[in-house]
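Report on the following structure.
The values are calculated or read from the model by the stated rules, or taken from the named source; none is laboratory data. Keep in mind that what you see is a predicted model, and the values were worked out from it rather than measured. We place every Cβ from the backbone using ideal geometry, glycine too, and count neighbours over all the protein chains shown. When the accessible area is computed, the model is the full protein with side chains, heavy atoms only, and any ligands, DNA or RNA have been set aside. Shrake-Rupley method; radii C 1.70, N 1.55, O 1.52, S 1.80 Å.
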Amino acid sequence: MLFMLIVKASKNSEAGNLPSQELMDAMTKYNEELVEAGVRIIAKGLHPSSDGIRISYPDPDEKPVVTEGPFKESNDLIAGFILIDVKSKEEALKWAMRMPDPQGEGEGQIELRQVF
């Protein structure tokens, strides 16, 4: 079963600030554990929304609307993701619970979603 651990953005990640060395070391260790267990498919961080483009479809009979970042709703933004292949939702949750606070400073939030 494929699951995506979606790391939500924070004010710090949206500012383009890199994590502390401690957090980078902890995330490296966590990713190594995922690889050693044979469950990690891919893990990537994303550039801040200031480098992004949003395409929305407010009217089905009109062309899509293109909006360049940054986007103000930081709680709806994604800073990165990890795709894992596990045997159950419970196993996915166990891996998600082992992830260090991905933003540090108590700002981190992870959303766990199963992939179709």
Report summary line: Computed on Cα atoms, the radius of gyration and Dmax of the chain in angstrom are 15.9, 50
Report summary line: Expressed as a percent, the accessible surface of region 6-45 that is carbon or sulfur, using a 1.4 Å probe and the full set of protein chains, is 52
Query raised in the report: How much accessible area does Lys89 have with a 1.4 Å probe, in Å² rounded to the nearest 10?
Result: 130
Report task. Quote to one decimal, in nm, the extra length available between Leu112 and Asp25 on full extension: 0.36 nm per residue of separation minus the C-alpha distance between them. Result -> 29.1 nm
Query raised in the report: For Ala9, what is the net charge nearby, where nearby means another residue's Cβ is under 15 Å from its Cβ and Lys, Arg count +1, Asp, Glu -1?
Result: -3
Report summary line: Taking a ≥ b ≥ c as the square roots of the eigenvalues of the Cα gyration tensor, with a/c under 1.5 meaning rounded and otherwise prolate when a/b exceeds b/c and oblate if not, region 61-114 is oblate
Query raised in the report: So how tilted is helix 89-98 from the main axis of the chain? Cα-based, degrees 0 to 90, rounded to 10.
Result: 80
Report task. For the chain, find the longest principal axis of its Cα atoms and tell me its angle to the long axis of helix 21-36, 0 to 90°, nearest 10. Result -> 70
Report summary line: As straight-line cross-link partners of Lys29, the qualifying lysines (C-alpha separation under 19 Å, not fewer than 8 residues apart within one chain) are Lys44, Lys94
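About the Cα centre of the chain, what is the dipole size in debye to 20, counting +1 per Lys and Arg Cβ and -1 per Asp and Glu Cβ, all else neutral?
Once rounded to the nearest 20, the dipole reads 260 debye.
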Query raised in the report: What whole-number value in Å² describes the accessible area per residue of the chain for a 1.4 Å probe?
Result: 70
